[in-house]
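Asker: Handing you a structure now.
Just so it is clear, none of the values below were taken in a lab; they were calculated from the coordinates. Here the structure is a predicted model, which means the values were calculated and not measured. Please note: Cβ atoms are built from the backbone with ideal geometry, for glycine as well, and neighbour counts cover all protein chains shown.
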């Protein structure tokens, strides 16, 4: 039943003054959790340096959220990576990633672990890999392997009895662009990278990437507390498929509706809740998170930038 599903939203954290008002608004409309970004580029402006003021502000925001009845979750990785990290290869260099990413996770955990309600180490790994290496299958496979290791490394730091760790996997239904064999094979590869590489790896600890030999990875099996999915449509299908492929864990959805107008987006939100209700009869669906609380171009939120609830926001709360 959806009355047991926690409802929340992603709230931008880069503007402390706005953040306080956004948190108050989130509580006012009845949300029960929020997700805040810990920006690596801002939090570690130089290699080995930590911007303590940013962490003090985030800890204060988390404490304020808790005082309002909101559970504060933190996401540790965004598209905007530190320049010094990218200059040294970033996630396209396994040694660089293995050196600096775990240190960042440790820094965040040490400073925010006492106030965090949960962690999302990173989101949408399929899109992340496509953005970083779009055209070279061999290098793309190496990058995906590095991202899986990065997830395992984050779990080693964050997992084990503290705040829960949730994935946010950008799974989706893949269809061939046409009837040609190359198009069919390309769709199968995309499907594998969205689903099997991540959910299969979390299930049995084996890294499976098309074009590369399968390999076991220590501590990958079971390396999450919540199977979170980043979805735009086909929510019921995705929840059931994830439940079949993944280790037994509660499920969660981060949802960004399709549609060009708010009316269309409200319809997509209502359809999402219908899917969640049907799936929740069989599955443990713990939370649904709106991808944006307030409008922030190019992203549409549940409310306008001046916090007037939109039809899509009404639909989210009514679900």
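Asker: What do you get when you divide the Cα radius of gyration of the range 13-128 by 2.2 N^0.38 Å, with N the number of residues? Provide the component values of the computation, followed by the final result.
Answerer: Values: Rg = 14.8 Å, N = 116, 2.2 N^0.38 = 13.4 Å.
Cα Rg divided by the expected 2.2 N^0.38 Å: 1.10.
Asker: A further question on this structure: Determine the calculated [θ] at 222 nm for the chain from helices alone, applying -39500 (n - 2.57) to every DSSP H run no shorter than 4 residues and normalising by the residue count; nearest 500 deg cm²/dmol. Walk me through the numbers before you get to the answer.
Answerer: Details: 12 runs with 140 residues, N = 319.
Only helices count here, giving -13500 deg cm²/dmol.
Asker: On to the next question. Let me have the relative contact order for the chain, percent, based on Cα pairs under 8 Å that are six or more residues apart. Walk me through the numbers on the way to the answer.
Answerer: On the way: 581 pairs, mean separation 52.1, N = 319.
Worked out over the chain, it gives 16 percent.
Asker: When the gyration tensor of the range 2-318 is built from Cα positions, what are the square roots of 5 times its three eigenvalues, in whole Å, from largest to smallest? Working shown, then result.
Answerer: On the way: eigenvalues 165, 132, 67 Å².
For the range 2-318, the ellipsoid semi-axes come out as 29, 26, 18 Å.
Asker: Next up: Assuming 0.36 nm per residue, please report the length gained on full extension of the stretch residue 237 to residue 80 beyond their Cα-Cα distance. Present the calculation step by step, with values, prior to reporting the outcome.
Answerer: On the way: separation 157, 0.36 × 157 = 56.52 nm, distance 3.15 nm.
My answer for the length gained is 53.4 nm.
Asker: Note the full-extension length gain between residue 244 and residue 14 as 0.36 nm times their separation in residues minus their Cα-Cα distance, in nm to one decimal.
Answerer: 79.0 nm
Asker: Please work out the FRET efficiency for the pair residue 88 and residue 218, using the Cβ-Cβ distance as r and a Förster radius of 22 Å; give the result to the nearest 0.05.
Answerer: Values: r = 25 Å, r/R0 = 1.15.
Efficiency for this residue pair is about 0.30.
Asker: Could I ask something else about it? Over the range 2-318, what is the percentage of antiparallel beta bridges among all DSSP beta bridges, to the nearest 5?
Answerer: Working: 4 of 33 bridges.
Antiparallel bridges: around 10 percent, rounded to the nearest 5.
Asker: Based on the mean of other beta carbon atoms within 10 Å per residue, what is the order of 35-43, 133-141, most packed first? Mind dumping the intermediate values first?
Answerer: Details: 35-43: 21.1, 133-141: 13.4.
The peptides rank, most packed first, as 35-43, 133-141.
Asker: Right, next: Using a simple spin-label model with points 7 Å from Cα along the Cα→Cβ vector, what separation in nm is obtained for residue 24 and residue 308?
Answerer: In this crude spin-label approximation the distance works out to 2.0 nm.
Asker: What is the extension gain from residue 138 to residue 67, computed as 0.36 nm multiplied by their sequence separation minus the C-alpha to C-alpha distance, in nm to one decimal? Please report the intermediate quantities before stating the final value.
Answerer: Working: separation 71, 0.36 × 71 = 25.56 nm, distance 4.90 nm.
Gain on extension, residue 138 to residue 67, equals 20.7 nm.
Asker: Which of 209, 29 has the fewest other C-beta atoms within 10 Å, and how do the rest follow up to the most? Intermediate results must be reported in sequence, preceding the final value.
Answerer: Numbers: 209 21, 29 17.
Result, fewest neighbours first: 29, 209.
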